[in-house]
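Participant: Quick one: this structure, given as structure tokens, is what I'll be asking you about.
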Amino acid sequence: MARLSVNIGGGLTIKNPVLTASGTFGYGEEFADFIDLSRLGGYIIKGTTLNPREGNPYPRMAETPAGMLNCVGLQNKGVDYFIDHIYPRIKHYGSELIVNVSGACVDDYAEAARRIAARTDIRAIEVNISCPNVKEGGMAFGTTCDGAATVTRAVRDAFPGTLIVKLSPNVTDIAEIARAVEAEGADAVSLINTLMGMAIDVERRRPCLSMITGGLSGPAVRPVAVRMVWQTAKAVKIPVIGLGGIMDGRDAIEFILAGASAVEIGTANFVDPAVTVKIVEWIDNYCARHGVDDINDLIGAINQ
Amino acid sequence: MTNPTKRIMEMEVVTAQAFHPLYTLLTLRCAPGTDPELPAMKPGQFVQVAIPDAPHTFLRRPISINYVDGNEMALLVRRAGEGTSRLCDLRSGARLNIVAPLGRGFTIPGQQTGRLLLAGGGVGIAPLCFLGRAMKAAGLTPEFVIGARSDADLLELDMLREIGEVHVTTDDGSAGEHGVVTCHSTWQLGATIQRVYCCGPAPMMKAVARLSDSLGADCEVSLENMMACGLGACLCCVEKTVRGNVCVCTEGPVFNIKELTWLD
Ligand SMILES: Cc1cc2nc3c(=O)[nH]c(=O)nc-3n(C[C@H](O)[C@H](O)[C@H](O)COP(=O)(O)OP(=O)(O)OC[C@H]3O[C@@H](n4cnc5c(N)ncnc54)[C@H](O)[C@@H]3O)c2cc1C
Ligand SMILES: Cc1cc2nc3c(=O)[nH]c(=O)nc-3n(C[C@H](O)[C@H](O)[C@H](O)COP(=O)(O)O)c2cc1C
Ligand code: FES
């Protein structure tokens, strides 16, 4: 068996490179009937905000070729509810629990991060500066270097643990944004969040989603995501966590070869609720087939 | 992983009865070599089916449990698009990957104090059939009120008649009373209606909900919101309720109409 543990920044090592993507894995407990969560490198839970959010109206989802659009809009009960009622229930799964944090303004991000640091043992947060589904904040921060840097700086001051900044693909030069957050003290970057998209029901002449536009995920986005991970990994020194359309172990290895230290599995969980553990097994098997003793030797290891 | 209630199951089609151009009844059992025993399933719960050989169907499709018979379960499928058409075209022996059981079911009263009316149409009768069987097994006396476009579109009538009395309406008057479900004279019989259960197209469910409310009867409806995960993980399937947006896949698909905002 190859060594599968990887470093995801800020001195944090996870037992294997497979994480789950925020918003696609609930709080982990939704999948406990299907998989042993302790076999994952970690699980990144639902987007959490300082105050409760109702999210956007239904319909929030439309299936598209090899993927789906969503406009959930960060429905959650707020960080205090999470800490008091959900965290105690889910902290025992035996793999790294990472909270995904969102905000409407810089102070909201920082305050939510501060409360997580003060009231839980959570060692890493992923800051979502890239949500395309909320009117205020969200993606607006992730599409300019200034915005991304400002949020990163504020959260860096509030959270001493591993700070992962999740980047938006809805930009011209993602590497430039990655460098900006690295300069402000981010320990890692994860990418990509969903790509902004739109679908129309032509019979009814109506947009399929209540918010008209939404975020595209699933295998349809994978080549874009692989390209962005490759560009970003070359541009920064901190670990890059890759995601976007990973459906199986092969896809996960593709991201690692493009330069990702770890991967997140998102929409694939909807298709196969046991896919994450299968990916861990596939990666192990791949390493054996290729005579790789340490997964770290594969990070960015493409022949050009 | 202790005591999992939901399972991912590899299943095999035992029979596929395409008894109508639009509908197929599939009976399924666990594939040979897998645990033959089905998990406990309740009327109103549903399954998420992975669609085989459907390049344009990426997500699973939610389908109600029509009934369970020992180690077999049945799904009644209506051709709505590519995914359901693939299911309707399956032959016996085909394999299906299913996640089940999902959601919460209908509430079955401990004691009968009035009429129990199960109202529906189209594939909406699928969960009502399962509910009726469970009620009958519990010693209750369910009655069905079934609406269809015409005589040829009445599904599983014989099966329903074995469970209880069936009141029929058709849009064209070719069977039963002429009109829609809520027009049937049985609603006005005068005997107290204890509870109404409804599954069918949204306009039908809303009309039945209003009628039940006006008759002072409790009413549960089964919603068919679009789903991605079916597990409460993605929050795509929400319905607006008096408690805010809640997931239909985990808190439903059955809701008491008092919880919904339909009557406001
Ligand atoms: C809890 C639940 C139980 C259901 N039970 C049954 C059942 O027992 N038998 C059955 O035949 N169908 C049932 N449905 C509806 C079934 O899931 C949809 O018809 C199916 O998802 C359509 O997929 P498709 O690929 O065939 O069509 P698509 O090509 O995806 O869509 C075709 C049409 O169906 C509509 N549609 C898509 N998804 C849904 C959906 N989830 N609900 C309603 N309409 C939809 C689309 O708007 C479109 O107009 C149920 C749905 C839910 C949520
Ligand atoms: C239904 C849904 C909800 C999501 N919610 C969040 C969220 O709350 N926070 C976040 O950072 N990303 C969210 N995402 C984005 C995913 O984490 C991921 O970045 C994206 O889906 C691409 O990966 P995938 O193709 O593997 O799904 C969501 C995605 C989906 C499909
Ligand atoms: S379908 Fe994903 S939460 Fe209901």
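The values are calculated or read from the model by the stated rules, or taken from the named source; none is laboratory data. On a predicted model such as this, the values are computed, not experimentally measured, just so you know. Cβ placement follows ideal geometry from the backbone for every residue including glycine, while neighbour counts extend to all protein chains displayed. Please note that ligands, DNA and RNA were not included when accessible areas were found on the heavy atoms of the full protein model with its side chains. Shrake-Rupley method; radii C 1.70, N 1.55, O 1.52, S 1.80 Å.
Participant: Within the stretch B:77-91, does at least one residue satisfy the condition of being charged (D, E, K, R), in a strand (DSSP E or B) and more than 16 Å from the chain's Cα centre (by Cα)?
Facilitator: Kept after step one, since they are charged (D, E, K, R), are these residues of the stretch B:77-91: B:78-79, B:82, B:86, B:89, B:91.
Subset that is in a strand (DSSP E or B): B:78.
Retained after the next criterion (residues that are more than 16 Å from the chain's Cα centre (by Cα)): none.
No, there is no match, as no residue in the stretch B:77-91 is charged (D, E, K, R), in a strand (DSSP E or B) and more than 16 Å from the chain's Cα centre (by Cα).
Participant: Quick one: residue A:168 ticks every box in (1) closer than 16 Å to residue A:71 by Cβ; (2) in a strand (DSSP E or B) bar one, so which box is it?
Facilitator: In the conditions (1) closer than 16 Å to residue A:71 by Cβ; (2) in a strand (DSSP E or B), residue A:168 misses (2) alone.
Participant: Any chance you could count how many residues in the stretch B:213-258 are away from chain A (no Cβ under 14 Å) and within 19 Å of the chain's Cα centre (by Cα)? Before you say what the answer is, go through the steps one by one.
Facilitator: Within the stretch B:213-258, the subset away from chain A (no Cβ under 14 Å) is B:213-222, B:254, B:256-258.
Those still in the list that are within 19 Å of the chain's Cα centre (by Cα) too: B:218-222, B:254, B:256-257.
Going through the stretch B:213-258 one residue at a time, the tally reaches 8.
Participant: Let me ask something else about it. Do you know which residues across the stretch B:1-52 are without any contact (Cβ under 8 Å) to a residue 12 or more places away in the chain, of a type in the set (S, T, N, Q) and over 30 Å from residue B:109 (Cβ atoms)?
Facilitator: Answer for the stretch B:1-52, where residues must be without any contact (Cβ under 8 Å) to a residue 12 or more places away in the chain, of a type in the set (S, T, N, Q) and over 30 Å from residue B:109 (Cβ atoms): B:2, B:17.
Participant: Taking the stretch B:2-38 on its own, how many of its residues are surrounded by 15 or more Cβ atoms within 10 Å (Cβ to Cβ), assigned to a loop (DSSP other than H, G, I, E, B) and within 14 Å of chain A (Cβ to nearest Cβ)?
Facilitator: Of the residues in that region, 1 qualify.
Participant: Something else about it: How do the strands (runs of 3 or more DSSP E) wholly within the stretch B:214-264 filter down when requiring 2 or more residues that are away from ligand 3 (no atom under 11 Å from the Cβ): which remain? Break it down stepwise before answering.
Facilitator: Working: elements: B:218-222, B:238-241, B:244-247, B:254-256.
It comes to B:218-222, B:238-241, B:254-256.
Participant: Which of the residues that make up the stretch A:40-78 are more than 7 Å from chain B (Cβ to nearest Cβ) and among the aliphatic types (A, V, I, L, M)?
Facilitator: Here is the first cut: in the stretch A:40-78, the ones more than 7 Å from chain B (Cβ to nearest Cβ) are A:40-53, A:56-57, A:62, A:64, A:69, A:71, A:73-74, A:76-78.
Passing the criteria: A:40, A:44, A:45, A:50, A:62, A:69, A:74.
Participant: Test of understanding: among A:165, A:155, A:202, which residue is over 20 Å from residue A:24 (Cα atoms), within 16 Å of ligand 2 (Cβ to nearest atom) and not aromatic (Phe, Trp, Tyr)?
Facilitator: On the way: A:165 fails: over 20 Å from residue A:24 (Cα atoms); A:202 fails: within 16 Å of ligand 2 (Cβ to nearest atom).
Of the residues listed, the single one that is over 20 Å from residue A:24 (Cα atoms), within 16 Å of ligand 2 (Cβ to nearest atom) and not aromatic (Phe, Trp, Tyr) is A:155.
Participant: Going through the stretch B:93-131 one residue at a time, which ones are more than 14 Å from the chain's Cα centre (by Cα), surrounded by fewer than 20 Cβ atoms within 10 Å (Cβ to Cβ) and away from every other protein chain (no Cβ under 14 Å)?
Facilitator: Taking the stretch B:93-131 and keeping what is more than 14 Å from the chain's Cα centre (by Cα), we get B:93-100, B:108-117.
Now drop any that are not surrounded by fewer than 20 Cβ atoms within 10 Å (Cβ to Cβ), which leaves B:93-95, B:97, B:108-115.
Scanning the stretch B:93-131 gives B:93, B:94, B:95, B:108, B:109, B:110, B:111, B:112, B:113, B:114, B:115.
Participant: Now for a separate question. Within the stretch B:186-201, identify whether any single residue is within 16 Å of ligand 2 (Cβ to nearest atom), open to solvent by 30 Å² or more (accessible area, probe 1.4 Å), touching a residue at least 60 places away in the same chain (Cβ under 8 Å) and within 18 Å of the chain's Cα centre (by Cα), and answer yes or no.
Facilitator: Keep residues of the stretch B:186-201 that are within 16 Å of ligand 2 (Cβ to nearest atom), which gives none.
Among the residues of the stretch B:186-201, not one is within 16 Å of ligand 2 (Cβ to nearest atom), open to solvent by 30 Å² or more (accessible area, probe 1.4 Å), touching a residue at least 60 places away in the same chain (Cβ under 8 Å) and within 18 Å of the chain's Cα centre (by Cα), which makes the answer no.
Participant: Please go through the stretch A:1-39 and give me each residue that is open to solvent by less than 10 Å² (accessible area, probe 1.4 Å) and within 14 Å of chain B (Cβ to nearest Cβ), ordered by number.
Facilitator: A:20, A:21, A:25, A:26, A:28, A:31, A:35, A:37, listed by residue number.
Participant: Restricting to the stretch B:42-70, name every residue that is more than 9 Å from every other protein chain (Cβ to nearest Cβ) and outside any strand (DSSP E or B).
Facilitator: Of everything in the stretch B:42-70, those that are more than 9 Å from every other protein chain (Cβ to nearest Cβ) and outside any strand (DSSP E or B) turn out to be B:42, B:43, B:44, B:45, B:51, B:52, B:53, B:54, B:65, B:66, B:70.
Participant: Checking residue A:110 against (1) under 19 Å from the mean Cα position of the chain (by Cα); (2) within 14 Å of chain B (Cβ to nearest Cβ): exactly one of these is not met. Which one?
Facilitator: (2)
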